[in-house]
Structure formats: C-alpha cells, structure tokens
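The values are calculated or read from the model by the stated rules, or taken from the named source; none is laboratory data. The structure presented is a predicted model; accordingly, all values stated were derived computationally and were not measured. For neighbour counting, all protein chains shown are included, and Cβ atoms are generated from backbone atoms with ideal geometry for every residue, glycine included.
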Amino acid sequence: MSSNSSSSSMQNQSVQQPLRNYEEPANQIHVELVNRAIWQKCHEHTNEMIVVPHGRELFPKLKYKVRGLNPSALYKCTIHFGRQSSRELHNYKGKWTETHKTLRDVPVKTNSVVIKEGTGSQLMEGLEGAERLKMYKNGDHRPNQILVSTKCQYIPVFQIFEICGNGVEKLCHEACFSETLFVVTSVYKNKAIKEIKVENNNRSSSSTSSPTSNFANPDFTPTYQPVFNWTPINIWDLPVPTLNDFQGTNWMGGQWEAGYYQDLNLGHH
C-alpha cells in the first residue's frame, strides 16, 4: 500500500472515512507524497492550516507523484477534503479536543477541485496544480478552491479518474495520507506549528524568485520605504514674499511657486 487511512483520537465512527489507498491486481498505479517529511513533522504536533475568506494556499503544499498510468489513456486528477470529526473542535493551551457541538452544517466531503487533466504520460511528468491548491471560508463560491469550515479537521483525498471514450469517468485510484491531517483555524493556536512553518517556508522562499512567495509566511509583515526624505523647518525662517515676487507669475503654478518649493528641497510637482 502506498499510504494509510487516517487514524485519530478525534475521529468518530459515524463520520464517513475516505477509502484506503488501494491497488487491484491489474492496477499498478502508485501515488507518492513527495514532501512526506515536512507533513509528518507538522502531524506530530497536530497540524493547523490558516484560512481566510478570499482563499489561502496550504503549507506544507501537497506534492504528489504518480506512477503506473497508461501513457496514452486520458485521466483527470482531483482533490477534495474528507471531514474527520463529527463535532466542533476546541483548542485549549495548544491542544485540540472535541466539544459537544455537532457539525450539522458541515458536509462530510468538501467540493472537489480538478488538479490536472491529460494523458497518463503528462500526469506522470508532474502535478503542479496540487501545489497551488487553495482553500477558503464563507463568502461566494470561488472556482478552483475548496470551501472549508474552521474548528474542523480534514484530510486531503487524491483521486484519479480515467476518462473513457463514451465520456464516462471511472475512478481508478484513490489515495490519502495520515500525515496530511490538519485542523482549520483562523489563527495559529500551536506555537510549535507556527515555528515549523515559518522556518520551512523561509527556506522555500529563499530558493525561489517568486515575488509572492513571502505571503504564505504566517509572520510576514510588509515593510514600506518613505517616498521623501524630509527635514522639519521653522516657517519663521522663510523669506516673506513681496508683490514683485508675484508679477508675471501664476500663484498656483508659476515661477515663484517652483522656486519656493525648490528652496524647501522638496521639488516641484
């Protein structure tokens, strides 16, 4: 087997669990979680994911690698999240526990997002779409993003469908990894999780030239440079203009105004 189904003390038997990774005798498809180490490190501290209304990328990212597809057949890869608890979660001193509040309005399975479509050969070359996956909360429907609820635990479920000649899509493989369990929250509750993500995201940001890479950093704060460098002055030290200063000039845009601002070392705009 290439992965394990979720196992957690917060699971409830009444919750529909995602299928285990399976491989039929004639099915040699194999799915690998490439960055398993960082997911495992977060999982050991009960992973948390920040969500915002307009959408936010997951970190760590979901990096999958697929082998064993028919190179010439057509496939579609999707991801959805499976809810892993039937009750709302509460954090106390960095620990997540179930409350008595039932998640009545939270579906067991989120909407699915198509990661990539193409031939088996194309899919085995890479699944970059999974790395750009975003989730959001509330608000209007956002295409290509997954709608989630806070204070709820999820596990990503990766599915591969074969697109048959008659237009029918046949599920041929499904994979989920216990290391990818996470709790959705508006702010980090676990200091250890925040430190792990800051450290590892800084490493990944330093290895890319993407101008937006820092925005995945939970501690990123933009800095601003002043437009001018100016020095306070005493207005009583300025020369008093006379009538001669205004002759043949325009008060709102003439020579006197230009000279006046230049004397202040601010330039003319």
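Quick notes on this structure:
- Residues being in contact with a strand residue (DSSP E or B) (Cβ under 7 Å, 6 or more places away or on another chain) and exposed (fewer than 14 other Cβ atoms within 10 Å of the Cβ) - total across the stretch 113-131: 1
- Filter pass, HIS54 being under 27 Å from ILE193 (Cα atoms) and assigned to a strand (DSSP E or B): no
- Condition met for GLU131 (within 26 Å of VAL183 (Cβ to Cβ) and acidic (Asp, Glu)): yes
- Cβ-Cβ under 8 Å pairs, at least 6 apart or on other chains, the stretch 190-202 side at pLDDT below 90, far side in a helix (DSSP H, G or I) and surrounded by 17 or more Cβ atoms within 10 Å (Cβ to Cβ): ASN200/ILE38; ASN201/ALA216
- The one condition in (1) touching a Pro at 6+ places or on another chain (Cβ under 8 Å); (2) under 22 Å from TYR188 (Cβ atoms) that THR119 fails to fulfil: (2)
- Count of residues meeting criterion [in a strand (DSSP E or B) and touching a residue at least 24 places away in the same chain (Cβ under 8 Å)] in the stretch 100-128: 8
- Filtered residues of the stretch 137-193 (kept if part of a strand (DSSP E or B), more than 21 Å from ILE38 (Cα to Cα) and among the aliphatic types (A, V, I, L, M)): ILE146, LEU147, ILE160, ILE163, LEU171
- Among the residues of the stretch 171-186, just one is closer than 16 Å to GLY68 by Cα and surrounded by fewer than 15 Cβ atoms within 10 Å (Cβ to Cβ), namely LEU171.
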